[in-house]
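Questions regarding the structure given below will be posed in turn.
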Amino acid sequence: MPLLAAYFQRARAEMPPQLRQAFDAHGLTARHGSVLPQLAGGQRLSVTEVAALLGVSLSTASELVGRLSEAGLIDRTEDPANRRRTLVSLREEFRPAVESFVATRSAPLLRALDTLSPRDRAGFLAGLAAWSREVQP
C-alpha cells in the first residue's frame, strides 16, 4: 500500500487545469471529486442515489453536492415527478475535463490488467471486489 500512496497524492496535479482551478478556488477535496465520475455518464441522479453509489450518508452526499454546486461544477434541479427530490448533473462545460481526468487516472490500472492472463485478471478483480466489500462502512 505505501507504494500506491504517491499515486494517490499526485491526483490533484493530474487534474485538467479547468477542474483544478475550480477545486482550488472553492477548497474542494477528493471527497468532492468522487461525485463527479458518478455523473460523467450524463445521467441525472438524486442525492440519495449519489449517497448510495459513494457509500456515504445522505447528509454527507448533500454536503458534497452543495459544495460542488456552489463551485459551479454541477447543476441541481427539482425532480418534476417529485418536488421533494433534488436531481444533480455534471455541467456540460466540465464534462470533457472530468472524462479526461478519469481516463488519465484509470490508465495505469487498465495497462496493468492488460498484462495479466485471463485467470490472473479474474483473481485480481475478485480480490479487489472482496477488499472493496471489506472497507465499506
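Out of Gln38, Gln21, Gln43, I need the residue that is in contact with a strand residue (DSSP E or B) (Cβ under 7 Å, 6 or more places away or on another chain) and either in contact (Cβ under 8 Å) with a residue 24 or more places away in the chain or within 19 Å of Arg91 (Cβ to Cβ) (or both). Which one?
Criteria check complete, one pass: Gln38.
Hey, can you tell me all the residues within the stretch 1-54 that are closer than 11 Å to Val98 by Cα and among the polar types (S, T, N, Q)?
Within the stretch 1-54, Gln18, Ser34, Gln38 qualify.
Related question: If you take the residues in the stretch 47-61 that are of a type outside the set (A, V, I, L, M, F, W, C) and under 15 Å from the mean Cα position of the chain (by Cα), which one is surrounded by the most Cβ atoms within 10 Å (Cβ to Cβ)?
Glu49
Do you know which residues across the stretch 94-137 are in contact (Cβ under 8 Å) with a residue 60 or more places away in the chain and either loosely packed, with under 10 Cβ neighbours inside 10 Å or under 24 Å from Leu58 (Cα atoms) (or both)?
The answer is Val98, Gln136, Pro137.
Can you name the condition, by its number, that Ser59 falls short on among (1) hydroxyl-bearing (Ser, Thr, Tyr); (2) in contact with a helix residue (DSSP H, G or I) (Cβ under 7 Å, 6 or more places away or on another chain); (3) part of a helix (DSSP H, G or I)?
(2)
Looking only at the stretch 72-112, filter to residues that are at pLDDT below 95 and in a loop (DSSP other than H, G, I, E, B); which one of those is farthest from Ala13 (Cα to Cα)?
Across the stretch 72-112, the extreme among qualifying residues is Ala81.
Let me ask something additional. Within the set of pairs 6 or more residues apart or between chains, which connect a residue that is loosely packed, with under 14 Cβ neighbours inside 10 Å inside the stretch 79-93 to a residue that is small (Gly, Ala, Ser) with Cβ atoms less than 8 Å apart?
Taking only residues 6 or more apart or on different chains, the pairs are Asp79/Ser46.
Please verify whether Ser69 is over 26 Å from Glu134 (Cβ atoms) and in a helix (DSSP H, G or I), treating the condition exactly as stated.
In short, yes.
The values are calculated or read from the model by the stated rules, or taken from the named source; none is laboratory data. If you're wondering where the values come from, they're calculated on a predicted model, not measured in any experiment. A quick note on method: Cβ atoms are made from the backbone with ideal geometry, for glycine too, and the neighbour counts reach across all protein chains shown.
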